[in-house]
């Protein structure tokens, strides 16, 4: 493929208008050289970030400048192009492609609908194709107003349980998250992709899903994993040396992957992963650090643990329809060596040395 052709294909791929053959050609090009992968990642990341902007803050001139600043890798055969004074033609083409992206984005962003849940809340919605979605606390679901006409694509930040409507086999149901694309091949699955969690997780109750993205931690190539019924896919990121605080404009580094697990789940333990939609909290050997994140979202509180060793304490237990976090903490305290104090919305957990 020449330079012009790959640019056109990248635009079609990013805007999800490429066919199967074009998708394969893009993947071959991306995997052919590390610089190609880096270029694609930059362009794709910019596009994804733009999708999450609010219409009132769109600045097309700045967006155009941002795309124009990303230059395609100059492989050896392309350098000949520059030697023969065709720089202007390349720049012009890239400018046109940038305009196409901006136009495509501007059309989409004006028609994006967002459903959000505050901390402490759970929502159940029905999409126009009949799909049921339960949205967990502190989550967002975006989709276009023309959903179910030309596509069935949604954008998730947080956690949701999907029960996909039957039919519409010609229009696949796709969930985009910050790092991964999930294609439904079945009917029921849970998806957890909170931006400030150190992992991505999906659990299939019925049917099958495929997860696509930069999954391989060695080659960083785009690849696909199929998750079958009663299976859990969990992708953990490398732990950060410094304390990490999520900011709205942050992006997880998909290359910093630490561990990929596909586990078979006992059907009687499935409520650990999807019980939240029925106001059920289930912990099965989870660390106190993991538990605190769940409780912060469920009860809209801030949990502070000054002693780092507390974070690794493990706890198992289940809670059904417990209205206040005080009762949850009291039960945890009865089985673990902790104390806690509640001041307003802040909870301090300390070690019980008795």
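Rule-based calculations on the coordinates, nothing more; no lab input. Source: prediction; values computed, not measured. Reconstructed Cβ throughout: ideal geometry from the backbone, glycine too, with neighbour counts over all protein chains shown.
Where both partners of a DSSP beta bridge lie in the range 279-351, what percent of those bridges are antiparallel, to the nearest 5? Working shown, then result.
Details: 13 of 17 bridges.
Taking every DSSP beta bridge with both residues in the range 279-351, the antiparallel ones total about 75 percent.
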Rounded to the nearest 0.05, what FRET efficiency do residue 304 and residue 267 have when you use their Cβ-Cβ distance and R0 = 45 Å? 0.75
At residue 279 and residue 323, where each label point lies 7 Å from the Cα along Cα→Cβ, what is the point-to-point distance in nanometres? 0.9 nm
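Report the gain in length on full extension from residue 208 to residue 27: 0.36 nm times residue separation, minus Cα-Cα distance, nm rounded to one decimal. Walk me through the numbers before you get to the answer.
Values: separation 181, 0.36 × 181 = 65.16 nm, distance 2.31 nm.
Full extension of this stretch gives 62.8 nm more.
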Just grab the label-to-label distance for residue 196 and residue 145, each label 7 Å out from Cα along the Cβ direction, in nm (one decimal). 3.3 nm
By per-residue mean of other Cβ atoms within 10 Å, what is the highest-first order of 156-165, 199-208? 156-165, 199-208
So, relative contact order of the range 305-354 in percent, Cα under 8 Å, 6 or more apart, is 38 percent
